[in-house]
Amino acid sequence: MSSTARGGRGICSGVGVAGEPAAIHVLAVDDSSVDRALIAGLLRSSKYRVTAVDSGKKALELLGMEPNVNMIITDYWMPEMTGYELLKRVKESNKLKQIPVVIMSSENVPNRINRCLAEGAEDFFLKPVRPSDVSRLSGWIR
């Protein structure tokens, strides 16, 4: 997977090809380094600019410093702050609530999925995330 090797650190960003308009910036949040690398690679291969962090707390810190995030894709189960809690914090914030949030999980639990969608998540992906899932993201970008 050569596309996942480009960033290689806890917080990593990729940029679009020279001459193209600024890439859509996606914040990817997952405590698993393997899943984080997988989603970052899939997003980059679809020409998204990606910043990847390993916790909801780091995501909120970054959102406080980086005003140009166009979408958040987050794992549901993470220590300290779940993806559901991150979703709630984003949607409760006047400054952040316009950012679309997509939740992902390896567990197909209908109550959890419905709760996230009712709280304002744009979509819910089952892991492993596939290129066909990533192709659905463009419809949620504002």
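How high is the relative contact order of the range 18-142, given as a whole-number percent (alpha carbon pairs under 8 Å, six or more residues apart)? Don't jump to the answer; show the numbers that get you there.
On the way: 199 pairs, mean separation 28.7, N = 125.
The normalised contact order for the range 18-142 reaches 23 percent.
Around Pro131, under 14 Å between beta carbons, what's the net of Lys plus Arg minus Asp minus Glu among the other residues? Mind dumping the intermediate values first?
Values: positive: Arg44, Lys47, Lys127, Arg130, Arg136; negative: Asp133.
For residues surrounding Pro131, the net value is +4.
Please give every one of the aspartates and glutamates within straight-line cross-link reach of Lys47, meaning a C-alpha to C-alpha distance under 16 Å, and leave out same-chain neighbours fewer than 8 residues apart.
Excluding near neighbours in sequence, the set is Glu20, Asp133.
Let me make sure I get this right: for the range 86-140, a, b and c are the square roots of the gyration tensor eigenvalues over alpha carbons, sorted descending. Under 1.5 in a/c it's rounded, otherwise prolate if a/b > b/c, else oblate. Which is it?
Values: a/c = 2.50, a/b = 1.34, b/c = 1.87.
It comes out oblate by the Cα gyration axes.
So how do 43-52, 110-119, 30-39, 56-65 stack up, highest first, on mean other-Cβ count within 10 Å?
Details: 43-52: 20.7, 110-119: 13.8, 30-39: 18.4, 56-65: 16.8.
Listed from highest to lowest mean packing, they are 43-52, 30-39, 56-65, 110-119.
The range 46-130: percent of C-alpha pairs farther apart than 20 Å? Don't jump to the answer; show the numbers that get you there.
Working: 983 of 3570 pairs.
More than 20 Å apart: 28 percent of the Cα pairs in the range 46-130.
With θ set to phi - 60° and the Karplus curve 6.51 cos²θ - 1.76 cosθ + 1.60, what are the ³J(HN,Hα) couplings of the range 43-57 in order, to the nearest whole Hz, using x for Gly and Pro?
Here the 3J(HN,Hα) series is 5, 5, 5, 9, 6, 7, 8, 10, 10, 10, 10, 9, 7, x, 4 Hz.
Expected output is a single nm value to one decimal: the length gained when fully extending between Arg130 and Met65, i.e. 0.36 nm times separation in residues minus the C-alpha distance. What is it? Don't skip to the end; give the middle numbers.
Numbers: separation 65, 0.36 × 65 = 23.40 nm, distance 2.98 nm.
Taking Arg130 through Met65 to full extension adds about 20.4 nm, to one decimal.
Within straight cross-link reach of Lys57, meaning Cα distance under 18 Å, which lysines are found once same-chain residues fewer than 8 apart are removed?
Result set, ordered by chain and number: Lys88, Lys91, Lys95, Lys97.
Select from Met78, Ser106, Phe124 the residue farthest towards the positive end of the dipole of the range 34-127; place +1 on Cβ of Lys and Arg, -1 on Cβ of Asp and Glu, and compute about the Cα centre.
Phe124
Taking R0 as 22 Å, what FRET efficiency do you get between Leu117 and Glu92 from their Cβ-Cβ distance, rounded to the nearest 0.05?
Working: r = 16 Å, r/R0 = 0.75.
Efficiency, rounded to the nearest 0.05: 0.85.
Bear in mind that the values in this text are calculations on the coordinates, not laboratory data. Worth saying up front: this structure is predicted, and the values here are computed from it rather than measured. When we count neighbours, we look across all protein chains shown, and the Cβ atoms used for this are built from the backbone with ideal geometry, even at glycine.
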